[in-house]
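Visitor: Sharing a structure here in structure tokens format.
The values are calculated or read from the model by the stated rules, or taken from the named source; none is laboratory data. As the structure is a prediction and not an experimental result, all values here were calculated from the model. No Cβ is skipped: glycine too gets one built from the backbone with ideal geometry, and neighbour counts run over all protein chains shown.
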Amino acid sequence: MKNSIAFAAGLQILIVGCIFLFMWIRAEGRRNVRIPEIKKENIWRCSICTYVYVDSEEDELSTCPRCTSINKRLDE
Ligand SMILES: [Zn+2]
């Protein structure tokens with residue numbers, strides 16, 4: 001009887017530990033995702049108004065948020 005209580009308590013600690021580990025991994029993963037969004041490749045400079053902005057969604061063509069003109073990726 002005492003053993004089953006100890007087992008249940010141990011199991012509970014294990015479950016709580018797993019939840020914290022899972023939350024930590026998720027938080028860590030989210031932090032890692034945010035870093036590549038500010039890569040140099042995601043920084044665009046508008047060829048019309050020279051406005052510099054970040055667009056992580058587009059790869060080849062991007063719309064300038066200031067003058068709404070379409071910009072092509074510059075080969076560097
Ligand atoms: Zn522009």
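Visitor: Of the residues that sit in the range 60-76 and are at pLDDT below 95 and basic (Lys, Arg), which one is farthest from the ligand (Cβ to nearest atom)?
Guide: Arg73
Visitor: Follow-up question, since we're still on this one. Quickly run through the range 53-72 and pick out the residues that are within 17 Å of Ile38 (Cβ to Cβ) and surrounded by 10 or more Cβ atoms within 10 Å (Cβ to Cβ). Walk me through how you get there before you give the answer.
Guide: Of the range 53-72, the ones within 17 Å of Ile38 (Cβ to Cβ) are 53-59, 62, 65.
Those that are within 17 Å of Ile38 (Cβ to Cβ) and surrounded by 10 or more Cβ atoms within 10 Å (Cβ to Cβ): Tyr53, Val54, Asp55, Ser56, Glu58, Asp59, Ser62, Pro65.
Visitor: Ok, one more. Which residue pairs have Cβ atoms under 7 Å apart, sit 6 or more places apart or on different chains, and have a first residue in the range 26-48 that is part of a helix (DSSP H, G or I) and a second that is at pLDDT 70 or above and among the polar types (S, T, N, Q)?
Guide: Once the first residue is part of a helix (DSSP H, G or I) and sits in the range 26-48, its partners that are at pLDDT 70 or above and among the polar types (S, T, N, Q) give Glu37/Ser56; Asn42/Ser56.
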